Amino acid sequence: MAGGNAIRGTRVGAGPMGEAERGESAPRRHTPFYCANGHVTRVSFAIEAAEPEHWDCPRCGLPAGKNQEAPPAAPRNEPYKTHLAYVRERRSDADGEAILEEALAKVRARRGE
Ligand SMILES: [Zn+2]
């Protein structure tokens, strides 16, 4: 009656198969992604996996890219820009003065000056 159970003697986890199963697994690489706010996120990828171009920064939610010098811009208008700032961007100072003159002229006309 002895014997017959010899297979039990095999240690689980021994040998090359066992090691693989314990999860010291596929080699991975860590790719840093940089967002416009200067956060760096290291994302771990399996060596054979394709890396995305962009990764959402977990800290501020902006898209982060692999080029530290040129992180992707925020998807839409930056957090805060006043209406005046937009106007200033679009118009030269001369334009601004002309518009002001025009507005003043209208005001004067309305007052009957
Ligand atoms: Zn960020």
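The values are calculated or read from the model by the stated rules, or taken from the named source; none is laboratory data. Just so it is clear, the structure is predicted and the values come from calculations on it, not from any experiment. Here the Cβ positions follow ideal geometry from the backbone for every residue, glycine too, while neighbour counts run over all protein chains shown. For accessibility, only protein heavy atoms count, side chains too; no ligands or nucleic acids. Shrake-Rupley method; radii C 1.70, N 1.55, O 1.52, S 1.80 Å.
Residue 107 sits with roughly 50 Å² accessible to a 1.4 Å probe, with DNA, RNA and ligands left out of the calculation.
Taking all protein chains into account, the per residue accessible area for segment 26-65 stands at 61 Å² (1.4 Å probe).
How long are the semi-axes of the ellipsoid equivalent to segment 26-65, from square roots of 5 times the Cα gyration tensor eigenvalues, in whole Å, largest first? All intermediate terms of the calculation are to be shown ahead of the outcome.
On the way: eigenvalues 84, 16, 9 Å².
Those come to 20, 9, 7 Å.
The peptide list 44-55, 28-39, put in order of mean Cβ contacts within 10 Å with the highest first, becomes 28-39, 44-55.
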